[in-house]
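Beneath this line is the structure, given in structure tokens, with notes to follow.
Quick note: the coordinates plus some simple rules give every number you see, no bench work behind them. Quick caveat: nothing in here was measured; it's all calculated off a predicted structure. Backbone-built Cβ (ideal geometry, glycine too); neighbour counts: all protein chains shown.
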Amino acid sequence: MPDANYAWSDLPNLTVAELLSLFGATIDELRRREIVRSANNPLSDYAELLFCKAFGWKREDKATPGYDATDSNGVHYQIKARGLTHPSRQLGVIRDLDKHPPPFDQLAGVLMDKDFRIVRAALVSVSVCAMCHRRYSAAIVGGSSCGIVFGRWTAFAT
């Protein structure tokens, strides 16, 4: 772990091991503060936290299949995030859309820049996701990408 008194300008001088150690310590601290819930990429956990705080939703246990949050009316939300460090704006795989009833009622999607600032966010009805799933899921193993692409705010496959 690098010296705790380093400055941002010191980052280029750190070794790969020191950078990875710093990243691990950062994730540990974010978990301690209950910002993220896993040691994975913090983008998804942070998106869940932001949506839940913004709308007053209850964040579900990580083991809850099919949805990430519930509002006071019992509406279930699947929360997906995409970092804009990747050229695609398409959200990840959404599983079990062919089940009846579907596992969630609304998709909450967010795009964030490299500094975890929100660029765009939207709520999309499960019926739109299911329509895309029926049309495009044959090409995707394990579920559907739903074809929800931010930028034009329409549902289509890329």
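Observations, loosely collected:
- Packing-based exposure ordering (other Cβ within 10 Å, fewest first) of M131, M112: M131, M112
- Label-point separation, A54 to T15 (7 Å along Cα→Cβ), nm: 4.2
- Once both labels are positioned 7 Å from their Cα atoms along Cα-to-Cβ, the gap between E29 and N41 label points is 2.3 nm.
- This ranking places C129, C52 by how few other beta-carbon atoms lie within 10 Å of each, fewest first, which gives C52, C129.
- This ranking places F23, F104 by how few other beta-carbon atoms lie within 10 Å of each, fewest first, which gives F23, F104.
- Overall, the anisotropy analysis places the stretch 1-109 in the prolate class: the square-rooted eigenvalues a ≥ b ≥ c of its C-alpha gyration tensor yield a/c not less than 1.5, with a/b exceeding b/c.
- Of the GluC sites (Glu not before Pro) found in the stretch 1-104, those that fall in a DSSP loop while having at most 11 other beta-carbon atoms within 10 Å are E34.
- Local electrostatic count at M112 - Lys and Arg +1, Asp and Glu -1, tallied over other residues with Cβ under 14 Å: +2
- Residue-by-residue Karplus 3J(HN,Hα) for the stretch 8-21, coefficients 6.51, -1.76, 1.60, Hz, glycine and proline x: 3, 5, 7, 3, x, 8, 6, 6, 4, 4, 5, 4, 5, 5
- Sorting 96-103, 8-15 by their mean Cβ neighbour count within 10 Å, with the most densely packed peptide first, gives 96-103, 8-15.
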